1. Roughly how many debye, to the nearest 20, is the charge dipole of the range 145-191 about its Cα centre, given +1 on each Lys and Arg Cβ, -1 on each Asp and Glu Cβ, and no other charges?
2. If you take the Cα Rg of the range 77-159 and divide it by 2.2 N^0.38 Å, with N the number of residues, what do you get?
3. Two-decimal Rg/Rh of the range 23-65 from alpha-carbon positions, Kirkwood Rh?
4. Using only alpha carbon positions, build the gyration tensor of the chain, then give the equivalent ellipsoid semi-axes as the square roots of 5 times its eigenvalues, largest first, whole angstrom.
5. When only C-alpha pairs under 8 Å and at least 6 residues apart count, what is the relative contact order of the chain, in percent?
6. By average Cβ neighbour count within 10 Å, what is the ranking of 168-179, 225-236 from highest down?
Amino acid sequence: MKKVILTIAGSDSCAGAGIQQDLKTVTSLGHYCATVVTAVTAQNTVGVQGVMPVSKDMVTAQLQAVLTDLDVSAVKTGMIPNRDCAEAVVEALQNVRCPIVCDPVMISTSGTRLMTEDCIDYVRRNLFPLCTLVTPNIPEAEYLGDMSNCNAVLLKGGHVDGDVMTDRLKLNDGGMFEFSSPRINTGNLHGTGCTLSSAIATYLAEGKSLPEAVRLGKEVIDRGLNGGKNLHIGNGNGPLWLFD
């Protein structure tokens, strides 16, 4: 049975991350992806040239349109640019009864800030407790600090040097799981966080346990990295490829 996965994130004009990558990820796994756009970005493989947040009223309208019509089986949140947008998202998701995966996108790979300071604090206090899983990378986790109010945290290990990448899943009951895989030699890494979080949300929608959803999500990342390592799209950090 096809599941509906809702992604709440920014638009990436070169389609390697954000809403566009979430769409591709969910579709590659055989399900349907609905979208709520939180920001429009001008970006390419080299970097982010501009960001325009969507108004709170429009974010709210998009959320209402989707949630009152579609039977959403899981939600993934990505870029939330400011507190107004965060308030709209939290208000809408308080009554959602399905898995929610939050990828706390704060700074782009090229160094552009994508979330205001007051938004980071608001998301940490109000969105994280609603989520089944929060998926920070190591720099994001260091910036966020205490995340004890989270139900589960997946600390992504891609920023650590070495031939093996290890992600660590910590559950609020004290359970710990590690997921290791060989580092894939590629310069095309754009959208890995979006891919992983939307894949995990999709597997949770299928009824998989959280550790199993993470394990399978890691397999999607490996497939995308291997599939995209020989792509020549743009002059910088290129995209993953999830299709045969």
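We did not get these values from a lab; they are worked out from the coordinates using the rules stated. Fair warning: this is a prediction, and the values are worked out from it, not measured in the lab. A quick note on method: Cβ atoms are made from the backbone with ideal geometry, for glycine too, and the neighbour counts reach across all protein chains shown.
1. Around 100 debye, computed over the range 145-191.
2. Computed over Cα atoms of the range 77-159, the ratio equals 1.02.
3. 1.09
4. 24, 21, 19
5. Relative contact order comes out at 19 percent.
6. 225-236, 168-179
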